[in-house]
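The values are calculated or read from the model by the stated rules, or taken from the named source; none is laboratory data. A quick note: this is a predicted structure, and the numbers were derived from the prediction, not measured. Keep in mind that these areas ignore ligands, DNA and RNA; they rest on the heavy atoms of the full protein, side chains included. Shrake-Rupley method; radii C 1.70, N 1.55, O 1.52, S 1.80 Å.
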Amino acid sequence: MFRVLSDFIADITGGSRDTQAFEENDYRLAAAALLVHVMSIDGSVTQVEREIVQRILSERFQLSAADTEKLVELAIAKDAEAVDLYAFTSVLNRALDDEGRRRVVEMMFEVAYADGGLTEFEDNLVWRAAELLNVGSRDRVRIRREVREEAEGDIGPRSD
């Protein structure tokens with residue numbers, strides 16, 4: 001109710017509301033928090049991983065550099081206070097269709113492969129998130145293979 005009223009006042013006064021504000025139930029914030037969790041699950045965050053997270057969020061959600069940075073900072077804070085993945089996956093389940101949820105799993109694998117390989121912690125995290133997102137094993141394995149092949153094409157062959 002308050003938001004509708006404030007939007008109305010902004011409209012009639014010629015002001016504009018910040019359309020890039022990331023609210024608690026914003027699916028972009030939920031997706032970003034999952035990516036941040038993947039980035040930090042192995043105990044070290046590299047500059048390459050952070051740049052990959054920023055690139056993915058900027059491209060997928062068509063955000064400016066400033067909005068992307070703001071989203072990443074909010075996601076880091078949300079991830080730090082989260083006790084499980086459900087808070088994020090429940091928002092994504094309500095906001096996204098099947099293809100959108102598969103894209104989130106793809107984004108998670110892209111972050112996981114950013115530092116040159118997939119650790120068992122990263123793989124397990126993506127598996128748990130995929131289950132909560134109702135992305136089946138067959139789709140998850142296919143997405144992991146496609147992302148791995150693309151990552152290997154970018155930096156040459158390696159073993160997992």
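Computing the accessible area with a 1.4 Å probe over protein heavy atoms, can you report the carbon and sulfur percentage for the stretch 35-111?
51 percent
Full-extension gain between residue 65 and residue 21, please, as 0.36 nm times their residue separation minus the C-alpha to C-alpha distance.
14.4 nm
Which whole-Hz ³J(HN,Hα) couplings does the stretch 119-125 yield from phi under the Karplus relation 6.51 cos²θ - 1.76 cosθ + 1.60, θ = phi - 60°, glycine and proline marked x?
7, 5, 5, 5, 4, 5, 4
Dividing the alpha-carbon Rg of the stretch 61-160 by 2.2 N^0.38 Å yields what?
1.13
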